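Take a look at the structure set out below.
The values are calculated or read from the model by the stated rules, or taken from the named source; none is laboratory data. Computed from a predicted structure; not experimentally measured. Positions of Cβ are backbone-derived with ideal geometry, glycine not excepted, and every protein chain shown enters the neighbour counts. Protein only, heavy atoms only, side chains kept; ligands, DNA and RNA dropped before computing areas. Shrake-Rupley method; radii C 1.70, N 1.55, O 1.52, S 1.80 Å.
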Amino acid sequence: MRLRSIFALAFALVLLTAFGEAQTGNNATYQQSFRWRGDGPQFGGFSGLEVTQNGRNFTAITDRGFFVKGHIIRNEAGQIERVIDTVPAALLTDQGNPLPRFFTDSEGLAIDDQGRYFISFEARHRVQSYDTLGEASRNMPKHADFKRMQNNSSLEAMAVDAKGTLYLIPERSRSKSRFPIYRLKRGSEKWDRSQNIPRRAPYLPVGADIGPDGKLYVLERHLAGILGFTSRVRRFDLGENGPENEIELLRSGLGVHDNLEGIAVWQDDQGQIRLTMISDDNFQFFQVTELVEYVVPDGI
């Protein structure tokens, strides 16, 4: 039996057992997992997601330097029935050219109140802004720490608040107890690194968003070898001295979801906070692209 077949069989067996495993975090209520299928060689590898407040329009980016815009069709209960998407299109440099090799690893996505897009990259550690995706970008200021960050494990999680301040959380940290937060106020040329969040192993940050409630939501993941992925979402109040009042909203069992990397937090028609997450299939036949949704009950 070929190695690929053995891997696929092992993965299938893991899924058969894992899907029966209950969620261990119970502060958010599971809604659904929707398998999203697309066409073309650039479909897949999704690492960042933004969803509009009606839950029906979205923007997603891939870790190969492409973006997709589309519409989510929902039934009366708010469940996803299908996704209508555009063909993946390339992100461009500040000169309007295709991203060169080693510059394509786009990971974090945030959209401010002015409709400007911010995308973080972790191969050449940086943040680019776009007035319009598919057109030339603008170079953003860099922090001195960016040069020392680990390849393929740096600027994964990004969010923007109502005032236009960007929040960046790296996937890896030199500290065993904290993850630094890099903040850039609108119009500023200097990142601030005075704030942080607790590091609670074995999870690592891969996505972030600031919800309509003004709170910071951090999506984290852990890969347990062939046993698959487990995901966690933590929420923080943004206090004057930094994130506080940490609460774990969910922690999935091994293999329950695929490799969730992007998170969008929005409010549905019933006034509930929804977490919509997207998986990175790494362009592998044994992984899937899925949209996973949870609801945060009132009072949590």
| said: Just to verify a result, which residue in the stretch 54-72, among those that are in contact with a Lys or Arg (Cβ under 9 Å, 6 or more places away or on another chain) and open to solvent by less than 50 Å² (accessible area, probe 1.4 Å), is nearest to Tyr294 (Cα to Cα)? | reply: Gly55
| message | Looking at Arg186, Arg124, Arg174 in this structure, which one is part of a loop (DSSP other than H, G, I, E, B) and free of Cβ contacts under 8 Å to residues at least 12 places away in the same chain? | response | Arg174
| In the stretch 153-187, residue surrounded by the most Cβ atoms within 10 Å (Cβ to Cβ) [restricted to those that are under 20 Å from Gln53 (Cβ atoms) and either in contact with a helix residue (DSSP H, G or I) (Cβ under 7 Å, 6 or more places away or on another chain) or among the charged types (D, E, K, R) (or both)] | Asp161
| field | Only listed residue being in contact with a strand residue (DSSP E or B) (Cβ under 8 Å, 6 or more places away or on another chain) and among the polar types (S, T, N, Q), chosen from Ser188, Ser137 | value | Ser137
| said: Against the definition (within 20 Å of Ser231 (Cα to Cα) and among the small types (Gly, Ala, Ser)), how does Ser153 come out, yes or no? | reply: yes
| task | Could you look through the stretch 39-49, keep only residues that are touching a strand residue (DSSP E or B) at 6+ places or on another chain (Cβ under 6 Å) and touching a residue at least 60 places away in the same chain (Cβ under 8 Å), and pick out the one that is surrounded by the most Cβ atoms within 10 Å (Cβ to Cβ)? | result | Gly48
| field | Filtered residue count, the stretch 263-289, keeping only those that are buried (at least 19 other Cβ atoms within 10 Å of the Cβ) and either among the β-branched types (Val, Ile, Thr) or in contact with a Phe, Trp or Tyr (Cβ under 6 Å, 6 or more places away or on another chain) (or both) | value | 9
| request: Spot the failing condition for Gly225; the list is (1) open to solvent by 20 Å² or more (accessible area, probe 1.4 Å); (2) in contact (Cβ under 8 Å) with a residue 40 or more places away in the chain; (3) on the phi > 0 side of the Ramachandran plot, and only one is missed. | output: (2)
| task | Determine which single condition Ser33 fails, assuming it passes every other condition in (1) open to solvent by 50 Å² or more (accessible area, probe 1.4 Å); (2) at pLDDT 95 or above; (3) among the small types (Gly, Ala, Ser). | result | (1)
